[in-house]
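The values are calculated or read from the model by the stated rules, or taken from the named source; none is laboratory data. Worth saying up front: this structure is predicted, and the values here are computed from it rather than measured. For neighbour counting, all protein chains shown are included, and Cβ atoms are generated from backbone atoms with ideal geometry for every residue, glycine included.
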Amino acid sequence: MSTETSASPPPSEELINDAVIRLAGNSQDGIQSIGGFLARLAGRSAQEVMTYMTIPATISGGPSIFQVRMGTGEVLSAGDEADFLVAFYQHSYDDHISHLKDGGVLLYDSDHVELSEDENRFLKVGVPIAALTVEALGGSAREKGKNIFTLGLLARIFKLDVDKLRGIFKERFGSKSEDILRNANLAFDAGYSYPIDNVMDRYYAFLAPDESGPPQVTMDGNTAIVLGLLTGGVRHGAGYPITPWSTIMEMLRSQLPKYGGTFVQAEDEIAAASIAIGFSYAGRLAVTGSSGPGISLKLESLGWASMAEIPLIVINIQRGGPSTGLPTNVEQSDLLQAIYGSHGDCPRIVLAAQNVEDCFYTALEATKIARAYSVPVFVLSDMSMASRIEAFDEPDLDSLIIEPELATENRPVDFKPYDLNRITRHAPPGSWIEGGKFPQVTGLEHDETGHPSANPEMHVKMMAKRRDKIKAFADSLDASEVFGDQEGDTLVVGWGSTWGPIRETVIRQRSAGKKMGHLHLRYVNPLPNDLDEIFNRFKDIIVVEMNDQGLYGCGQLASLLRAKTCNSAIRSMAKTDGLTFKIREIIKGIESL
Amino acid sequence: MSASSVPATVERGKITKKGIAADHPTWCPGCGDFAVLAAFFKTLEKLQFPQENIVTIAGIGCSSRFPYFVNTHGAHFIHGRALPFATGVSLGRDDLHVFVFGGDGDGFSIGGNHLDHAGRKNIRLTYVIMDNFVYGLTKKQTSPTSPQGFRSKTDPTGAIDRPTNPMRKLLSSGATFVARTHATQIKHMMEIYERAIHHDGFSVVECLSECVEFYKGAFDAALPRKGGVFNVIDEEEHDVTNMAGALALAEENWPGKFGVYYQKKEPTKNENEQKLIGSARAKTKGASDLDLLKKTFARMK
C-alpha cells in the first residue's frame, strides 16, 4: 500500500493510493463475487482496478484465490504482494501468508484458522466470519453469504461507498429473488457493523480519484473481445467449448441473435473453423476461436483461408501447453503457432492484446484488417486476461461502430477474383458476374481467375501476392511507440498480457535512475518496420515473455526478433511456471541477464 | 486441369445448358461422375434458380472436383469438411441454394462426424455422395464402403474391415431426406435430385457412381444391361416417413433398392436460428445495433 500523509488526517484514517487485496478460500465460497463487486465499485468510482484469479481445474471445490488491486493512480498489474489477505481456511492461510507484505493486514476466520505463534510481521485481525454469517442469516443459510459478510468488513475498513455497493447488489441479485437480495444485505450489514475497531487501529481511505474523464466500464478480457467483435460488425461465428475460450462463445451465442446474427456450436474444432470460413465465404465476416489444443485442430482450414484469401477472425485464448498442459494457467506459447501454424507458407496477420481494454480495441481492429486485406487475422489473448476484470474508459461507440455489409454488388466484365495487381476482394455468392464466369474459390494454387494452376511461375506470383499484402499492411502501420527513455541502456520488449508488469517495472526502474524504455508489440505478424532503428538506440534489448527458452535459449518472440533484426543485443527472459510475471521477477531477470 | 473455358453466353435470369457448364471435367473417360454432372445440369435447367444464388461446394476427391465443372459460385474446400463449410454458407445466407458434392471417403471416412451433425441439425442443403467404393484420386486404396475381400493397394490380399452401410449411416444421422440412386439411371437420378432439392432440410443422396479405372463393374449387380436388377422402391408399400421401414430397406442384401428411403419435414436449423433472432429482436424492440451495444456497455458501468 503506497501511502501519502495528508495535511491533517483524522487520527485513525490513512489515505492510500492503492491496495492489493487477496481473498483466499475455496472455489464455492463466492470469493470471485466479492472480487467482482469490488472491481465494479472501483470502476464506478473512477478508480483503476485490476483483478487476478486462479480457479482450480477441478469441477467444483478446491482452493481458489481472487486478488483485487484498486487504486487512484494507474493500476498496471495485479500486484506482486498483497497489502491485505483474507484467509477463510487454514490452507488459505498456510498457502498465502508468504504473499502478504510486511506490515500488511491479515483478516482471517478465527473459527477456521490457527496462526503460527511466532508471526509478528503483519497485523492480525481475527473475526469469526462463518459463525457470524450463520447468525446473521439464520441457520438455514449455513455459511453461504460469508463472502458478502466479508465484503461488509472490507467496506468498513476501506471506507468504501456503501450506497454504490448496495446498488450493485440490487443489479446482481434483484432480478433473482427478493430473498437473495435481502440475505445479501443482511450479511453485508452484519459485516459492516462488526466492531472491527476493537482489533484494528486504523481505517484506510482511497485518495479521491479524478472523476472528470469519460465514465468507466468494468469487464473481463473475454467480454471485451466479444464487444470488440460486435462493434466491428461481426455477426457470425462458430466454436467448440474449451477453457478459457468458452465464455466468448457463450456470450456470442446469446448476443448475436439480437444483432440478427448466428453463432454455431460445432461438433468439433475443425467444423467450427470450417463453418466460420463458410460464413465468411458467404460474405459474412465470421469469427472462430479456441485455446491452443483447439487451434491446432483448426490449422488445416486456416491454411485454406490464407490460400483462398477469405477474411476471418481467429481468437486464441492461450493457456499452458503443450497438449492438455496447464488448462487453467497462463502461457504465451502459441505465438509461433499463430504465425506459422498450418502447412506450406500461408501468411496471415497476428495481433496481441495487452490488457483488458486492449482486448476490445484489438478485436475491433482485427475486423477492419480482415476486411481490408481479405485475410485471416489472429487475435492472441491469454488465460490471465480472459477472466481478469479491469476498469477502463467507455469507448466512443458512435465513432467506432462498423455496420456489416454484404458485398454482393455486380462484378464488372474485367473482374478477376485474384488480380495480381490488387489486394483481393472476395465476391461472395449472390454476386452477379458480368463476365459470365462465376468464381471457384479453392485451396489449389490458382491463377488470377481463381482457376487451378500448377504453373510454377504463377505459383511464385501468387505466393508473392499473398505475402506482399501482409507487407503492405506493415507499411501502413504508424511508428512504434517506445515508453520511457527513447534511447539508453535497456529496452524491454514484450507482447500480450505482460504489458502491465513490464510497464510497472520500467516506471520503477526509471525512478531509480535507470535509462530504460518499454516497447510492447501489438503487431506480432507482420512485425513493425521500425524495430531495427529502435533497437539500435539501446545497449540491451530484453524480451520478456511467458514461454520456453527453447533449444537455442530464446523465447518465441525473442527468436523472431533475432531472426528479423540480426541484432545480437537481443536477450530473452522466458518462463513457463504458468503464472503472470511479478515486477520483482522482471527486475531480477534484467539484472541477471 | 484443362484451360478455363469462359461460357459464350450467360444470360441473367436464365439457366441454359451452355451457361451452366464450366470446365470440361477431368474425370477418366467412362467415369460414372459424368452422368451425375449431366443430371445435375438438367435438374438446374428445369428448376431455373437465379444462377448467381447457386453455390456448389466440395471437399477433396475425384468427385469433389465437381465445382470446377459447374458455372456457379463454387468452393473447393479441404478434405472431409465440405459439410461444415456448407453449413456456414447455408446458415449465413437464406437466399442461396447450397449443393455439396463429394465421395465416400469425404462423406463416410474423414468427414463422417460432420455428416452426423449436419443431419442432426437439419441444415438446409442438398448433399450428393458419389459412392464408388474406392479411393480413386489417390489411385486405389480401400475406402470405407469397399466390400470385404476387395483388393486395393492398402489391402493387397483383400479388404478385411467391414464396410460402412451407407444408407444406415445416413438414416441414423438424422437427415430428413435420404435417398439412393445409380449414375447409370439418368431419369431416376434427376427425379431424386429434384425431390432432394425441393425438400426443406438436410437432403442427402447416395449415388452409386462407378470408378472404371480402379473398381470396374462394382455396381453391375444393379445394372440391367449387365444382367443386374435396378430395383426401385414402391412408395405405395414403403411409407417414406417410417424410419423403421427405411432401416429395414437399408438392411436388404446387395444391391438393395433405389429411391427415397426416408423423408420427413422437421424444423431446419435455419428456421430455428431465425426464430431465435426473431424473439431476440422482439425483446429488444428492434433496437439498432448501436443502441444494443450501448445498452450492453451501460450494464458494465
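Overview of values
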read-out	value
So A:GLY555, is it of a type outside the set (D, E, K, R) and crowded, with 22+ Cβ neighbours inside 10 Å	yes
Residues being farther than 18 Å from B:GLY119 by Cβ and in contact with a His (Cβ under 6 Å, 6 or more places away or on another chain) - total across segment B:169-221	2
Matching residues, segment B:84-100, being closer than 18 Å to B:PRO50 by Cβ and either within 13 Å of the chain's Cα centre (by Cα) or more than 7 Å from chain A (Cβ to nearest Cβ) (or both)	B:SER90, B:ASP94, B:HIS97, B:VAL98, B:PHE99
Number of positions in segment B:134-152 that are within 16 Å of B:ARG168 (Cα to Cα) and buried (at least 24 other Cβ atoms within 10 Å of the Cβ)	2
Segment B:67-81, subset touching a residue at least 40 places away in the same chain (Cβ under 8 Å) and more than 8 Å from chain A (Cβ to nearest Cβ), residue farthest from B:GLY136 (Cα to Cα)	B:VAL70
Test: residue in segment A:80-89 that is closer than 30 Å to A:GLN216 by Cα and part of a loop (DSSP other than H, G, I, E, B)	yes
Total residues in segment A:170-189, condition touching a Phe, Trp or Tyr at 6+ places or on another chain (Cβ under 7 Å) and surrounded by fewer than 20 Cβ atoms within 10 Å (Cβ to Cβ)	3
Segment A:277-304, subset in a helix (DSSP H, G or I) and small (Gly, Ala, Ser), residue farthest from the other protein chains (Cβ to nearest Cβ)	A:GLY292
Residue list for segment A:295-329, restricted to those being under 14 Å from A:ALA276 (Cβ atoms), over 17 Å from the mean Cα position of the chain (by Cα) and not small (Gly, Ala, Ser)	A:ILE295, A:LEU297, A:LYS298, A:LEU299, A:GLU300, A:LEU302, A:TRP304, A:ILE310, A:PRO311, A:LEU312
Output for segment B:29-43, where each listed residue is farther than 14 Å from B:SER64 by Cα and assigned to a loop (DSSP other than H, G, I, E, B)	B:PRO29, B:GLY30
Hits in segment A:350-383 - residues which are of a type in the set (A, V, I, L, M, F, W, C) and in a helix (DSSP H, G or I)	A:VAL356, A:CYS359, A:PHE360, A:ALA363, A:LEU364, A:ALA366, A:ILE369, A:ALA370, A:ALA372, A:MET383
Which listed residue, of B:SER109, B:SER152, B:SER64, is among the polar types (S, T, N, Q), part of a helix (DSSP H, G or I) and in contact with a strand residue (DSSP E or B) (Cβ under 6 Å, 6 or more places away or on another chain)	B:SER64
Selection count, segment A:100-132, where residues are part of a helix (DSSP H, G or I) and out of contact with any Leu (no Cβ under 9 Å at 6 or more places or on another chain)	3
Scope segment B:242-301; condition of a type in the set (Gly, Ala, Ser), away from chain A (no Cβ under 14 Å) and crowded, with 18+ Cβ neighbours inside 10 Å; matching residues	B:ALA246, B:ALA250, B:GLY256, B:GLY259
Criterion (aromatic (Phe, Trp, Tyr) and free of Cβ contacts under 8 Å to residues at least 12 places away in the same chain) met by exactly one of A:PHE438, A:PHE378, A:PHE415, A:PHE392	A:PHE438
Qualifying residue in segment B:23-39 (condition: facing chain A (nearest Cβ under 9 Å) and modelled with pLDDT of 95 or more)	no
Residue identified as facing chain A (nearest Cβ under 8 Å) and without any contact (Cβ under 8 Å) to a residue 60 or more places away in the chain among B:GLY112, B:GLY19, B:GLY13, B:GLY105	B:GLY19
Among residues of segment A:379-415, those that are out of contact with any Pro (no Cβ under 9 Å at 6 or more places or on another chain) and either surrounded by fewer than 20 Cβ atoms within 10 Å (Cβ to Cβ) or outside the structural domain of A:GLY289 (by TED's automatic domain parsing) (or both), counted	14
Any chance B:PHE85 is modelled with pLDDT of 95 or more and closer than 27 Å to B:MET243 by Cβ	no
Within segment A:405-515, strands (runs of 3 or more DSSP E) holding 1 or more residues that are away from chain B (no Cβ under 14 Å)	A:482-484, A:488-495
Members of segment A:231-258 found to be out of contact with any Gly (no Cβ under 9 Å at 6 or more places or on another chain) and at the interface with chain B (Cβ under 7 Å from one of its Cβ atoms), listed by number	A:THR231, A:LYS258
Residue in segment A:528-544 that is of a type in the set (D, E, K, R) and closer than 15 Å to A:LEU336 by Cα present	no
Residue that is modelled with the lowest pLDDT [pool: residues in segment A:539-581 that are among the aliphatic types (A, V, I, L, M) and in a loop (DSSP other than H, G, I, E, B)]	A:LEU579
Answer from A:LEU137, A:LEU132 - the residue that is over 36 Å from the mean Cα position of the chain (by Cα) and over 28 Å from A:ALA205 (Cα atoms)	A:LEU137
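A quick yes/no check of all residues on (1) crowded, with 16+ Cβ neighbours inside 10 Å; (2) outside the structural domain of A:THR72 (by TED's automatic domain parsing); (3) on the phi < 0 side of the Ramachandran plot:
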position: A:TYR192; (1), (2), (3): yes, no, yes
position: A:ASP197; (1), (2), (3): no, no, yes
position: A:ALA208; (1), (2), (3): no, no, yes
position: A:THR223; (1), (2), (3): yes, yes, yes
position: A:LEU227; (1), (2), (3): yes, yes, yes
position: A:THR231; (1), (2), (3): yes, yes, yes
position: A:HIS236; (1), (2), (3): yes, yes, yes
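Per-residue answers, yes or no, for (1) over 27 Å from A:THR498 (Cβ atoms); (2) more than 17 Å from the chain's Cα centre (by Cα); (3) modelled with pLDDT of 85 or more; (4) buried (at least 21 other Cβ atoms within 10 Å of the Cβ):
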site	(1), (2), (3), (4)
A:ARG22	no, yes, yes, yes
A:GLN28	yes, yes, no, no
A:SER33	yes, yes, yes, no
A:ALA46	no, yes, no, no
A:PRO56	no, yes, no, no
A:PRO63	no, yes, yes, no
